[in-house]
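Q: Next up is a structure, given as structure tokens.
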Amino acid sequence: MLIVSCGTTHKKVASSEKLTDHQLLETVQYHTFQYFWDGAEKNSGAARERIHLDQPDYETNIVATGATGFGIMGIISGIDRNFVSRNDGVKRLTKILTFLKNAERFHGAWPHWMYGETGKVKPFSKFDDGGDLVETSFVAQGLICVKQYFKNGNSKEKELSTLADELWKGIDYDWYRNGKNVLYWHWSPNNQWKMNFPVHGFNECLIMYVTAAASPTHGINKQVYEEGWAMNGKIKSPRSYDNIPLQFFHQGDAPHGGPLFWSHYSFLGLDPKGLKDAYGDYGIETKNQALINYQWCVDNPLNYKGYAKNSWGLTSSYSINGYAGHAPQKDRDIGVIAPTAAISSIVYTPKESMVAIRHWYLDMKAQVWGKYGFYDAFSETANWYTPRYLGIDQGPEVVMIENYRSGLLWKLFMNDEDVQAGLKKLDFQSPYLKN
């Protein structure tokens, strides 16, 4: 019998071979959730950048801002699934948000990495030692969900909701324009705008423009979106693979779409289904990016071992050569499968994702499964199976499984009044938008 632990209860389910899809998803979601619960950085309660089971003392105090945003959303799903009690969940979220309140911020934006003991910035690179607006926007996505989930709760929950609202509204999106009609990724008091990274689509950053437009305190106007994200219309750049079309220019001019996380990170709260702007339909784009990723692995043009209908998914992840951005093109596919790619795509490719999950869990569990769910990546070609996790890859698995099962995080985020105002400001269409 397989035992699935849920909070203080333990549920007996069928043997592994007889698991229903529901039981299998419950198992994967629960264990992956533990990355953000048992595996959290001890002082802050926030998400660690990485966990290496083969190096248990490695970087235990490094908090990742983006992964923390995803983890916040994951904890909400954990509460809703009774993986933890509501009271314990509120305590943990209050701890995390208090840490964020007291951490270093740069015109409202948190850095990419922080030290869990102090909240001080840990430089991500030589000149990246200040605010990271993209990672910060992943946190904003989570904070808005916290605000909505707890706003009608008891006194402690209402305090948590208010704190979440204050934190996200403290992000000075307008500052990160650098006086231009585009949003810049970084700013540092030591290096100012030296990173020089204006953000254009299509990549993982749509959520930054949406939350920037939604901000009632430091918002941007539509022109910033048009000239920035949409590149004055140049974002519309059709391409296809195996008769599966894409509408948008993908950064790097990727012929078959970029790493698959581009269809995950922004869309953990921002529901792409029926989400349209003047340039295209994001529901179609995200689904087709996943389908292309799947079909590329099935076609397996580079003849890698293990690529098949039951084992697919290319995204940014660990690899045999260190961290790399894997994508369906010959110079960016090195034979490394990242489970998060297929698992987090379950909202787009439910059948294809379930086949892969079942194969990895039943047939490859000894090689690819550990304490916090599936390892970050593996390569059958290289016989490489390393028991390591990255928070920014584990988070989308928990959240997208929840969105597939209940739509919880999508409903929370999309029904927020500020988000609705922001989407209307940018002339988006969405089934959620109220008159």
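The values are calculated or read from the model by the stated rules, or taken from the named source; none is laboratory data. These figures come from a predicted structure and were not determined experimentally. Cβ atoms come from the backbone with ideal geometry, glycine included; neighbour counts cover every protein chain shown.
Q: Given the residues His186, His218, which is the only one that is touching a residue at least 12 places away in the same chain (Cβ under 8 Å), over 23 Å from Leu275 (Cα atoms) and surrounded by 22 or more Cβ atoms within 10 Å (Cβ to Cβ)? Let's see the steps before the verdict.
A: On the way: His218 fails: surrounded by 22 or more Cβ atoms within 10 Å (Cβ to Cβ).
After applying the criteria, what remains is His186.
Q: Could you tell me which of the residues Ser379, Ser345 is over 20 Å from Glu17 (Cβ atoms), surrounded by fewer than 24 Cβ atoms within 10 Å (Cβ to Cβ), polar (S, T, N, Q) and modelled with pLDDT of 95 or more? Spell out the reasoning first.
A: On the way: Ser345 fails: surrounded by fewer than 24 Cβ atoms within 10 Å (Cβ to Cβ).
Just one listed residue meets the conditions, Ser379.
Q: Please tell me if Lys12 is modelled with pLDDT under 95 and over 17 Å from the mean Cα position of the chain (by Cα). I'd like the intermediate steps shown before the answer.
A: Values: modelled with pLDDT under 95: yes; over 17 Å from the mean Cα position of the chain (by Cα): yes.
Judged against the criteria, Lys12 is a match.
Q: Could you please let me know if Glu26 is charged (D, E, K, R), at pLDDT 95 or above and not in a loop (DSSP other than H, G, I, E, B)? Working first, answer last.
A: Working: charged (D, E, K, R): yes; at pLDDT 95 or above: yes; not in a loop (DSSP other than H, G, I, E, B): yes.
Answer is yes for this residue.
Q: Going through the range 287-329 one residue at a time, which ones are farther than 21 Å from His359 by Cα, modelled with pLDDT of 95 or more and surrounded by fewer than 16 Cβ atoms within 10 Å (Cβ to Cβ)?
A: Pro301, Leu302
Q: From the list Ile51, Ile79, pick out the single residue that is assigned to a helix (DSSP H, G or I) and either in contact with a Ser or Thr (Cβ under 8 Å, 6 or more places away or on another chain) or among the β-branched types (Val, Ile, Thr) (or both).
A: So the residue among Ile51, Ile79 that is assigned to a helix (DSSP H, G or I) and either in contact with a Ser or Thr (Cβ under 8 Å, 6 or more places away or on another chain) or among the β-branched types (Val, Ile, Thr) (or both) is Ile79.
Q: Give me the pairs: first residue in the range 357-383 and more than 12 Å from Leu24 (Cβ to Cβ), second residue of a type in the set (Lys, Arg) and part of a helix (DSSP H, G or I), beta-carbon distance under 7 Å, and six or more apart or on different chains, which are they?
A: Once the first residue is more than 12 Å from Leu24 (Cβ to Cβ) and sits in the range 357-383, no partner that is of a type in the set (Lys, Arg) and part of a helix (DSSP H, G or I) comes close enough.
Q: With the requirement that a residue be buried (at least 24 other Cβ atoms within 10 Å of the Cβ) and of a type in the set (Gly, Ala, Ser), what does the range 117-138 give you?
A: Residues satisfying the conditions are Gly130, Gly131, Ser137.
Q: Name the residue that is farthest from Gly153 (Cα to Cα), counting only residues in the range 57-76 that are part of a loop (DSSP other than H, G, I, E, B) and either acidic (Asp, Glu) or within 14 Å of the chain's Cα centre (by Cα) (or both). Quick ask: steps written out before the conclusion?
A: Initial filter on the range 57-76 (part of a loop (DSSP other than H, G, I, E, B)): 57-61.
Cutting the leftovers down to either acidic (Asp, Glu) or within 14 Å of the chain's Cα centre (by Cα) (or both) gives us 57, 59.
Details: Asp57: 38, Glu59: 36 Å.
Among those that are part of a loop (DSSP other than H, G, I, E, B) and either acidic (Asp, Glu) or within 14 Å of the chain's Cα centre (by Cα) (or both), it is Asp57.
Q: Taking the range 237-272 as the region of interest, how many residues are touching a Lys or Arg at 6+ places or on another chain (Cβ under 9 Å), modelled with pLDDT of 95 or more and either surrounded by fewer than 20 Cβ atoms within 10 Å (Cβ to Cβ) or not in a loop (DSSP other than H, G, I, E, B) (or both)?
A: 5
Q: In the set Asp174, Asp165, which member is modelled with pLDDT of 95 or more and more than 23 Å from Gly89 (Cβ to Cβ)?
A: Values: Asp165 fails: more than 23 Å from Gly89 (Cβ to Cβ).
So the residue among Asp174, Asp165 that is modelled with pLDDT of 95 or more and more than 23 Å from Gly89 (Cβ to Cβ) is Asp174.
Q: I'm checking my understanding of the structure. Among residues of the range 146-183 that are part of a helix (DSSP H, G or I) and small (Gly, Ala, Ser), which one is surrounded by the most Cβ atoms within 10 Å (Cβ to Cβ)? Lay out the reasoning, then the answer.
A: Pass one, the range 146-183, residues part of a helix (DSSP H, G or I): 146-150, 155-169, 175-177.
Pick out the ones that are also small (Gly, Ala, Ser) and you get 155, 161, 164.
On the way: Ser155: 7, Ser161: 19, Ala164: 27.
Out of the qualifying residues, it is Ala164.
Q: Would you mind telling me which numbered condition in (1) at pLDDT 95 or above; (2) surrounded by fewer than 21 Cβ atoms within 10 Å (Cβ to Cβ) Glu17 fails?
A: Condition not satisfied by Glu17: (1).
Q: Has the range 343-354 got any residue that is over 30 Å from Ser430 (Cα atoms) and either out of contact with any Asp or Glu (no Cβ under 6 Å at 6 or more places or on another chain) or part of a loop (DSSP other than H, G, I, E, B) (or both)?
A: Taking the range 343-354 and keeping what is over 30 Å from Ser430 (Cα atoms), we get none.
Within the range 343-354, none of the residues are over 30 Å from Ser430 (Cα atoms) and either out of contact with any Asp or Glu (no Cβ under 6 Å at 6 or more places or on another chain) or part of a loop (DSSP other than H, G, I, E, B) (or both).
Q: Now, a different point. Taking the options Leu433, Leu409, name whichever one is surrounded by fewer than 24 Cβ atoms within 10 Å (Cβ to Cβ) and within 17 Å of Val210 (Cβ to Cβ). First the steps, then the outcome.
A: Numbers: Leu409 fails: surrounded by fewer than 24 Cβ atoms within 10 Å (Cβ to Cβ).
Selected residue: Leu433, the only one of Leu433, Leu409 that is surrounded by fewer than 24 Cβ atoms within 10 Å (Cβ to Cβ) and within 17 Å of Val210 (Cβ to Cβ).
Q: Sticking with this one: Considering only the range 82-108, state which residues are in a helix (DSSP H, G or I) and of a type in the set (A, V, I, L, M, F, W, C).
A: Just the residues of the range 82-108 that are in a helix (DSSP H, G or I), to begin with: 86-102.
Within the range 82-108, Val90, Leu93, Ile96, Leu97, Phe99, Leu100 meet the criteria.
Matching residues to (1) touching a Pro at 6+ places or on another chain (Cβ under 9 Å); (2) of a type in the set (Gly, Ala, Ser); (3) within 26 Å of Gln329 (Cβ to Cβ):
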{"site": "Pro198", "(1), (2), (3)": "no, no, yes"}
{"site": "Ile235", "(1), (2), (3)": "no, no, yes"}
{"site": "Gln247", "(1), (2), (3)": "yes, no, yes"}
{"site": "Ser266", "(1), (2), (3)": "yes, yes, yes"}
{"site": "Gly283", "(1), (2), (3)": "yes, yes, yes"}
{"site": "Leu291", "(1), (2), (3)": "no, no, yes"}
{"site": "Gln295", "(1), (2), (3)": "yes, no, yes"}
{"site": "Lys305", "(1), (2), (3)": "no, no, yes"}
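Q: For the range 188-208, give me each residue that is outside any loop (DSSP other than H, G, I, E, B) and more than 28 Å from Tyr294 (Cβ to Cβ). Can you show your working first?
A: Kept after step one, since they are outside any loop (DSSP other than H, G, I, E, B), are these residues of the range 188-208: 188, 192, 198, 206-208.
Passing the criteria: Ser188, Gln192, Pro198.
Q: Please find, among Val399, Val336, the residue that is surrounded by 24 or more Cβ atoms within 10 Å (Cβ to Cβ), in contact with a Ser or Thr (Cβ under 8 Å, 6 or more places away or on another chain) and closer than 20 Å to Gly283 by Cα. Step through it out loud before you land on a result.
A: Details: Val336 fails: closer than 20 Å to Gly283 by Cα.
Just a single option satisfies the conditions, and that option is Val399.
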